[in-house]
Amino acid sequence: MKFLGFLVFLTIVLMGFGMLLFLSGFIGYWLTLLAIEKMSPALAHKIIGYKEEDEK
């Protein structure tokens, strides 16, 4: 029974660690794009693939 508790604990800790890595990567990417957009909007739009649509 202790082994099962250990596996549950290990699963929860590893899921939390994985979420931490995912969020840190996502937030880092977001902040980097915000900084690039402040310096050079054209470069930021090129990185994310933004295409301005013509209004008719």
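Read-outs throughout are calculated quantities, based only on the coordinates presented, and are distinct from any laboratory measurement. For clarity, every value in this text was computed on a predicted model and none was experimentally measured. Virtual Cβ from ideal backbone geometry, glycine too; neighbours counted across all protein chains shown.
Structure values in brief
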read-out	value
In nm, spacing of pseudo-spin labels at Leu4 and Trp30 (7 Å Cα→C-beta vector)	3.9 nm
Helical contribution to [θ] at 222 nm, DSSP H n ≥ 4, -39,500 (n - 2.57), averaged over the chain, rounded to 500	-29000 deg cm²/dmol
Charge dipole (debye, nearest 20) of the chain; +1 at Cβ of Lys and Arg, -1 at Cβ of Asp and Glu	360 debye
Residue (of Phe22, Ile36, Val8) at the positive-pole extreme of the chain, dipole from beta-carbon charges	Val8
